[in-house]
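A.B. asks: To start, I am sharing the structure in question, which I have written as structure tokens.
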Amino acid sequence: MALMLENSMLKKLKKKSFILLFKIHQRFYALLGLIPRFKYGQYLGLEYRAKFALNSGNLYKADNLANKLLAVAENYKEDWNYSNAIHKAHLIKGKVSLMQGDISKAEKELLAASDVVGSPQLSSFGPNMSLANDLLKNNRCDIVLAYLERCRTFWEMGGEYIDYWSYQIKKGETPDFGGNLHY
């Protein structure tokens, strides 16, 4: 019994440590975006600045930064982070649209987020599912199923997850997307 409690506490500590490191990582890239003349750092920082604006409730700023990220990313099409930037920018724009009550635009942004060729992160860890999760809460199952199918093109290791999540959605359940709500 004591060993089970110790394992449970260890898991919670690991989770809290991971979340803390993830937040430090985000803030580092956001700060890079503030360094004048460091264009690549600004490009990397835009995603995190847009996320901070969104999480702070500043929808106008979040949308503007996401648009800027889409524009700047065009200068880095050969970069390892290009698909990540496009994916995240459209997800942020979709979240903004959903928060403003424009479900149709949020759906379009979700699909646009899947129009990427992949990256080291997307190909292995898969897509961010937070907007899809929010759309499921609005009974937009068909669009989420379409998003999942489109993600097959870049998520090389995710076929089993896509199959299982699709199965759950078709049964009327909301999947536990786990870490894919945060990537």
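A.B. asks: Any residue in segment 145-162 that's closer than 15 Å to Glu107 by Cβ and without any contact (Cβ under 8 Å) to a residue 24 or more places away in the chain: show its pairings with residues that are surrounded by 12 or more Cβ atoms within 10 Å (Cβ to Cβ) and not β-branched (Val, Ile, Thr) at Cβ separation under 7 Å, as long as the two are six or more apart or on different chains.
C.D. replies: Leu148/Trp165; Leu148/Ser166
A.B. asks: Out of everything in segment 66-94 that is assigned to a loop (DSSP other than H, G, I, E, B) and charged (D, E, K, R), what residue ends up being farthest from Asn55 (Cα to Cα)?
C.D. replies: Result: Glu78.
A.B. asks: Checking the structure you have, find out if any residue of segment 75-88 is within 21 Å of Ala146 (Cβ to Cβ), at pLDDT 95 or above, buried (at least 16 other Cβ atoms within 10 Å of the Cβ) and in contact with a Lys or Arg (Cβ under 9 Å, 6 or more places away or on another chain).
C.D. replies: Checking segment 75-88: at least one residue is within 21 Å of Ala146 (Cβ to Cβ), at pLDDT 95 or above, buried (at least 16 other Cβ atoms within 10 Å of the Cβ) and in contact with a Lys or Arg (Cβ under 9 Å, 6 or more places away or on another chain).
A.B. asks: Out of the residues in segment 95-131 that are of a type in the set (Gly, Ala, Ser), assigned to a helix (DSSP H, G or I) and under 11 Å from the mean Cα position of the chain (by Cα), state the one that is surrounded by the most Cβ atoms within 10 Å (Cβ to Cβ).
C.D. replies: Ala113
The values are calculated or read from the model by the stated rules, or taken from the named source; none is laboratory data. Being a predicted model, the structure only gives us computed values, none of them experimental. Every residue, glycine among them, receives a Cβ derived from its backbone with ideal geometry; neighbour counts consider all protein chains shown.
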